[in-house]
Amino acid sequence: MGYRIVVVGATGNVGREMLNILAEREFPVDEIVALASRKSLGSEISFGDKTLKTKDLDTFDFSGWDIAFFSIGTDATKKYAPGAAKSGCIVIDNSSLYRYDPNVPLIVPEVNADAIFGYAKKNIIANPNCSTAQMVVAIKPLHDRAKIKRIVVSTYQAVSGTGKSAIDELWNQTKGMYVPGQEVAPSIFPKQIAFNVIPQCDVFMEDGTTKEEWKMVAETKKIVDTAIKVTATCVRVPVFVGHSEAINIEFEEFLDEDEAREILRTAPGVLVVDKREDGGYVTPVECVGDFATFVSRIRQDSTVENGLNLWCVSDNLRKGAALNAVQIAEVLVNRVLSK
Ligand SMILES: NC(=O)c1ccc[n+]([C@@H]2O[C@H](COP(=O)([O-])OP(=O)(O)OC[C@H]3O[C@@H](n4cnc5c(N)ncnc54)[C@H](OP(=O)(O)O)[C@@H]3O)[C@@H](O)[C@H]2O)c1
């Protein structure tokens, strides 16, 4: 017995990856439908060895469908997700719309799978921001051992985190640099992204942080522990897929780097690649298409009491979005819906 599944935003970066992952992980699917905007009506999308024809979200009736994965941005989610949830279909949402709603669980299955039971209040479950998802997978096992007081994180975020038009901008701007007259001006990003780095992800908040930085703080507290202090600097880099993070952690108790490495080696969802030699760490291009959150460069920080540094890399379209959403659905199926 399988489930009737809806993928909303199936023509997007996250939606396509969602279909790949549902097929790869052999999610129990009885029937599946791909939805997008009217302009994509009829366009073909792969699901394993099958091809789905995209339908129009605007005219779709969610009654009788079990789970809907939404990946369409906050405005469209606000318009369509409440109706889907009210019709009895459980919504797993990738946008930031419901992440901070106290009546909606925000879940990273390796960290807080038990929060799943809170879904029933609104029939909605939120998927975290991509940079938060990979960070909490890496820090939670260390927090359980030595209690984290404060995190200082700098991110190096891929353009695919901003959607398919952002991928096109990096590609076209890079090519345009070599062809006189074909230079491409910034349009999705606030400055040139080709051969550059931009210390702004999402919009500015009143206090001078950006929304992406604020999300990392608020979401880490909601998912892991409200007592953890987080300060973040989020930076967009000219990488297509794969977010990287330099994470500095201050613990309540001393945690030796070798013990931290051993804890992470057995932690769910984590793969440690940490050789102190040239290339003995993971970079974004190596994490693409993988399920793991990779941790490298684990080392003591002797400038603070009980400090540790690490480097964390993951596929932002997978653990940062589609994979995490499918893992949430797996928890739902195993613990709540089991047929
Ligand atoms: N990319 C990431 O790393 C990442 C990580 C975490 C969360 N997210 C979130 O996931 C969502 C999607 O991101 P993405 O990167 O996949 O964006 P994307 O590549 O730009 O794709 C957007 C998708 O949403 C559909 N869509 C947009 N407005 C719609 C509307 N009014 N009605 C129906 N369909 C509509 C588009 O359909 P058409 O093709 O027909 O326009 C397309 O399928 C966003 O909320 C984003 O914040 C992304």
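The values are calculated or read from the model by the stated rules, or taken from the named source; none is laboratory data. Remember, it's a predicted structure, so these values are computed and weren't measured experimentally. Note that we place each Cβ from the backbone using ideal geometry, even for glycine, and neighbour counts take in every protein chain shown. In case anyone asks, the SASA skips ligands and DNA or RNA and just uses the protein heavy atoms, side chains included. Shrake-Rupley method; radii C 1.70, N 1.55, O 1.52, S 1.80 Å.
Among the strands (runs of 3 or more DSSP E) lying completely within the range 220-339, list those that include at least 1 residues that are open to solvent by less than 30 Å² (accessible area, probe 1.4 Å) and within 14 Å of Ala158 (Cα to Cα).
Filter on the range 220-339 gives 229-236, 243-251, 307-314.
Regarding Ser71, is this residue modelled with pLDDT of 95 or more, among the polar types (S, T, N, Q) and either touching an Asp or Glu at 6+ places or on another chain (Cβ under 6 Å) or within 11 Å of the ligand (Cβ to nearest atom) (or both)?
In short, yes.
For the range 199-219, give me each residue that is part of a strand (DSSP E or B) and open to solvent by 10 Å² or more (accessible area, probe 1.4 Å).
Phe204
Suppose the filter is polar (S, T, N, Q), crowded, with 22+ Cβ neighbours inside 10 Å and away from the ligand (no atom under 16 Å from the Cβ); does Gln192 pass it?
In short, no.
State which residue is surrounded by the fewest Cβ atoms within 10 Å (Cβ to Cβ) when the search covers only the range 130-187 and only residues that are among the hydroxyl-bearing types (Ser, Thr, Tyr) and assigned to a loop (DSSP other than H, G, I, E, B).
Only one residue fits best here, namely Tyr178.
Within the set of pairs 6+ apart or on separate chains, which have a first residue in the range 237-257 that is aromatic (Phe, Trp, Tyr), a second that is part of a loop (DSSP other than H, G, I, E, B), and C-beta atoms under 7 Å apart?
Correct list of pairs: Phe240/Ala158; Phe251/Lys147; Phe251/Asn306; Phe254/Asn306.
Could you tell me whether Asp114 is among the charged types (D, E, K, R) and closer than 15 Å to Ala325 by Cβ?
Taking the combined requirement at face value, the residue does not satisfy it.
Out of Tyr80, Tyr119, I need the residue that is hydroxyl-bearing (Ser, Thr, Tyr), closer than 22 Å to Asn334 by Cα and outside any loop (DSSP other than H, G, I, E, B). Which one?
Tyr119
Yes or no: the range 97-107 includes at least one residue that is in contact with a Cys (Cβ under 9 Å, 6 or more places away or on another chain), within 27 Å of Gly269 (Cβ to Cβ), in contact (Cβ under 8 Å) with a residue 24 or more places away in the chain and not in a helix (DSSP H, G or I).
Checked against the condition, which is being in contact with a Cys (Cβ under 9 Å, 6 or more places away or on another chain), within 27 Å of Gly269 (Cβ to Cβ), in contact (Cβ under 8 Å) with a residue 24 or more places away in the chain and not in a helix (DSSP H, G or I), the range 97-107 yields no hits at all.
Does the range 29-49 contain any residue that is β-branched (Val, Ile, Thr), touching a Ser or Thr at 6+ places or on another chain (Cβ under 9 Å) and within 20 Å of Ile167 (Cβ to Cβ)?
Yes, that holds for at least one residue.
Answer with yes or no whether Lys140 is of a type in the set (Lys, Arg), away from the ligand (no atom under 13 Å from the Cβ) and modelled with pLDDT of 95 or more.
Answer is yes for this residue.
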